[in-house]
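Before any comments, here is the structure.
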Amino acid sequence: MSTGILLIDDHKLFREGVKRILEFEPAFQVVAEGDDGSEALELVEKYNPDVVLMDINMPTTNGVQATADLIKHRPDINVIILSIHDDENYVTHALKTGAQGYLLKEMDADSLIDAIKVVSEGGSYLHPKVTHNLVKEYRRLAEENNSSISSKIGEHRRPLHLLTRRECEVLQLLADGKSNRGVAESLYISEKTVKNHVSNILQKMNVNDRTQAVVTAIRNGWVEVL
């Protein structure tokens, strides 16, 4: 079965670009489009998509408010916010409304496809750059509170009891905010190999997505936070 996608963004050229990317993925189908958040609920009820790609900045009803309204009526719906803002305040606000993903519009095609796949399966997905910013904020708060988490961050130790050395390197690069392509370039390996490593890391750490893996790694002091 294909994954039905509703795309809501007031910039037509951007919508067309996203659609062209998704058309190359046989398992995806853009079932409807809208140019304002005020249309979200009506379009969801009419077309019943699996995933909603929602722009954060729109003229009448912005993506955060539209997501909150949508989740209130359809708590089962999966929303990915599309934004130009990487500030953690935007991210946390969007996630608090019930969005399961947050992508920057500078994303590459692979990030978009990965995000839709993860979110459609019930996971969460944050743009690598956003993840890195949240990691830094998490560390700052931990250090301010002088908590045990802060101590663990300072005690950075690789989880060699759980992961291979290469998987530890991949996990560190994920925490640094690297995309699959960025990890591949840093380690001089293929993106396919990176995806295999990430899949193994998620399975061994018993988490659903890379965001959870990074947060778990920080809590346990398994990665350095720069």
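The values are calculated or read from the model by the stated rules, or taken from the named source; none is laboratory data. Bear in mind that the values here come from a model prediction, so they are computed numbers and not experimental data. All Cβ positions, even for glycine, are placed from backbone atoms using ideal geometry, and neighbour counts span all protein chains on display. Side chains are part of the model used for accessible areas, which takes the heavy atoms of the whole protein and leaves out ligands, DNA and RNA. Shrake-Rupley method; radii C 1.70, N 1.55, O 1.52, S 1.80 Å.
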Subset of the stretch 59-85 (residues that are outside any strand (DSSP E or B) and among the aliphatic types (A, V, I, L, M)): V64, A66, A68, L70, I71, I77, I84
How do the pairs read when you match residues in the stretch 52-73 that are assigned by the TED database to the domain that holds D35 and under 17 Å from L103 (Cα atoms) with residues anywhere that are of a type in the set (F, W, Y) and open to solvent by less than 20 Å² (accessible area, probe 1.4 Å), using Cβ under 9 Å and keeping only pairs 6 or more apart or on different chains? I56/Y102
Take I77 and decide whether it is at pLDDT 90 or above, in contact with a Gly (Cβ under 8 Å, 6 or more places away or on another chain), of a type in the set (V, I, T) and assigned by the TED database to the domain that holds E45. no
Name the single residue that is most open to solvent (accessible area, probe 1.4 Å) among those in the stretch 26-48 being assigned to a loop (DSSP other than H, G, I, E, B) and within 24 Å of R74 (Cβ to Cβ). N48
If I ask for residues that are surrounded by fewer than 16 Cβ atoms within 10 Å (Cβ to Cβ) and closer than 22 Å to G122 by Cα, which ones from the stretch 2-18 would you list? S2
What pairs come up if the first residue lies in the stretch 175-202 and is over 16 Å from D114 (Cα atoms) and open to solvent by 40 Å² or more (accessible area, probe 1.4 Å), the second is modelled with pLDDT of 85 or more and among the small types (G, A, S), and their beta carbons are under 8 Å apart, counting only those six or more places apart or on different chains? S190/A184
Hey, can you tell me all the residues within the stretch 74-91 that are more than 15 Å from S120 (Cβ to Cβ) and touching a residue at least 40 places away in the same chain (Cβ under 8 Å)? L82, D86, D87, E88, V91
Can you tell me which residue in the stretch 41-74 is modelled with the highest pLDDT, limited to those that are hydroxyl-bearing (S, T, Y) and within 11 Å of I8 (Cβ to Cβ)? T67
Please find, among I153, I201, the residue that is assigned to a helix (DSSP H, G or I) and at pLDDT below 90. I153
